[in-house]
Amino acid sequence: MLKIAYDPIYIHPLPSGHRFPMLKYELIPAQLLHEGLIGEDSLFSPGELSEEIILWTHDAAYWQQLRGLKLPLQEQRRIGFPLSARLIEREKRIAQGTLEGCRFAVDYGVAFNVAGGTHHAGTNWGEGFCILNDQSIAANYLLNNKLASSILIIDLDVHQGNGTAQIFENKSSVFTFSMHGANNFPFRKEKSDYDVPLPDGTGDEEYLYLLKTILPHLIEVQKPDFIFYLSGVDILASDNLGKMALSKTACKQRDQFVFEQCIANKIPVQVSMGGGYSPDIKDIVEAHCNTYRVANELYF
């Protein structure tokens, strides 16, 4: 069955008019339940993320500032969320959800986190609505516990996974692959192991051609035994921040191709949802739900 990390703490209160679509974290599982695609037993509430595991990825001084709510105001602005104890607990739960999802991915082939994809958080910084880097934390957990020896991170959010790239810049056991808008946030890019910077207005045909050309080769060469997939839907033409021109159909085909490659190569995959900023929340939820629908069809 589909196993999906979710907890009500994911839906965090924000100031009126805030541009982050927090409501999607409530609507995605509700829609999947409404359709009958999943049952309540598909959803699991993450446990506690230990400080030891956080410090395998993030700098101790940065974590202490977060934990003590003493992050400088300038750094808080860079993140984009008002700092609070509840917010830090939320970020820990999300990262733990991704970590626990790895175990379900091994059992079922695939597992999801309704949130996550916090790829802008680096070793000692947060930005762009990202505080703790969930997939990096989970990747280091797998490596340190000898549950994986070669990991591929497929980041198809429209924004470069700069934090993930920085965290693993000197770790050969993790290969970072990012397809993203060349002229989009973050404006200071890090160097992934394989970056594909896309021009504004990139459409369905070009995007899918590049993905279908590059990804099979990366899997063949890197031979990962675990994959993390960041399936942002901010590549949609409707997205306020994406600058791309992809249709929902192409976004769904993207997900299908990634999953097909994982299945063909018998590699478990953990999926975090990443960004989506279309003005109509229905477009965001529909595109995200398509990722679950495709996985359910292919795996179950």
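The values are calculated or read from the model by the stated rules, or taken from the named source; none is laboratory data. On a predicted model such as this, the values are computed, not experimentally measured, just so you know. Glycine gets a Cβ as well: all are built from the backbone with ideal geometry, and neighbour counts include every protein chain shown. Accessible surface is based on the protein model in full, side chains and every heavy atom, while ligands, DNA and RNA are left aside. Shrake-Rupley method; radii C 1.70, N 1.55, O 1.52, S 1.80 Å.
Would it be correct to say that Ile227 is more than 20 Å from Gly117 (Cα to Cα), open to solvent by less than 70 Å² (accessible area, probe 1.4 Å) and out of contact with any Gly (no Cβ under 6 Å at 6 or more places or on another chain)? Give the steps one after another, and end with the answer.
Working: more than 20 Å from Gly117 (Cα to Cα): no; open to solvent by less than 70 Å² (accessible area, probe 1.4 Å): yes; out of contact with any Gly (no Cβ under 6 Å at 6 or more places or on another chain): yes.
So Ile227 does not fit the description; no.
Does any residue in the range 238-260 that is open to solvent by less than 40 Å² (accessible area, probe 1.4 Å) come within less than 7 Å, Cβ to Cβ, of a residue that is of a type in the set (S, T, N, Q) six or more places away or on a different chain, and which pairs are these?
Short answer, once both residue conditions are applied: Asp239/Ser278; Met244/Thr202; Cys251/Asn290; Asp255/Ser231; Asp255/Asn290; Asp255/Thr291.
Assuming Leu83 fulfils every condition listed in (1) in a helix (DSSP H, G or I); (2) more than 20 Å from the chain's Cα centre (by Cα) apart from one, which condition is it?
(1)
Which pairs have Cβ atoms under 7 Å, sit 6 or more apart or on different chains, and link a residue in the range 1-26 that is more than 30 Å from Asp41 (Cβ to Cβ) to one that is at pLDDT below 90?
Close Cβ pairs satisfying both conditions: none exist.
Would you call Val233 among the aliphatic types (A, V, I, L, M), assigned to a loop (DSSP other than H, G, I, E, B), open to solvent by less than 10 Å² (accessible area, probe 1.4 Å) and modelled with pLDDT of 95 or more? Quick ask: steps written out before the conclusion?
Values: among the aliphatic types (A, V, I, L, M): yes; assigned to a loop (DSSP other than H, G, I, E, B): yes; open to solvent by less than 10 Å² (accessible area, probe 1.4 Å): yes; modelled with pLDDT of 95 or more: yes.
Answer is yes for this residue.
What number of residues within the range 261-300 are small (Gly, Ala, Ser), buried (at least 24 other Cβ atoms within 10 Å of the Cβ) and not in a strand (DSSP E or B)? Write out each step before concluding.
If we filter the range 261-300 for residues that are small (Gly, Ala, Ser), which is where we start, we get 264, 272, 274-276, 278, 287, 295.
Okay, now just the ones that are also buried (at least 24 other Cβ atoms within 10 Å of the Cβ), so 272, 274-276, 287, 295.
Still in the list and also not in a strand (DSSP E or B): 274-276, 287, 295.
So the count comes out to 5.
Pairs, please: C-beta under 6 Å, at least 6 apart or cross-chain, first residue at negative phi and in the range 61-82, second open to solvent by 50 Å² or more (accessible area, probe 1.4 Å)?
If the second residue must be open to solvent by 50 Å² or more (accessible area, probe 1.4 Å), the pairs left are Tyr62/Asn124; Leu71/Gln65.
Check Gly232, Gly274, Gly242, Gly201 and return the single one that is at positive phi and under 20 Å from the mean Cα position of the chain (by Cα).
Result of the check over Gly232, Gly274, Gly242, Gly201: Gly274.
Taking the options Gly116, Gly163, name whichever one is outside any loop (DSSP other than H, G, I, E, B) and under 13 Å from the mean Cα position of the chain (by Cα). Reasoning before the result, please.
Numbers: Gly116 fails: outside any loop (DSSP other than H, G, I, E, B).
Exactly one of Gly116, Gly163 is outside any loop (DSSP other than H, G, I, E, B) and under 13 Å from the mean Cα position of the chain (by Cα), namely Gly163.
Could you give me the residue pairs with C-beta distances under 6 Å whose first residue belongs to the range 186-211 and is within 18 Å of Val258 (Cα to Cα) and without any contact (Cβ under 8 Å) to a residue 12 or more places away in the chain, whose second residue is part of a loop (DSSP other than H, G, I, E, B) and open to solvent by 50 Å² or more (accessible area, probe 1.4 Å) wherever it lies, and which are 6+ apart or on separate chains?
Close Cβ pairs (under 6 Å, with a partner that is part of a loop (DSSP other than H, G, I, E, B) and open to solvent by 50 Å² or more (accessible area, probe 1.4 Å)) do not exist here.
Select, from Pro8, Pro46, Pro29, the only residue that is touching a Gly at 6+ places or on another chain (Cβ under 6 Å) and under 24 Å from Ala138 (Cβ atoms).
Pro46
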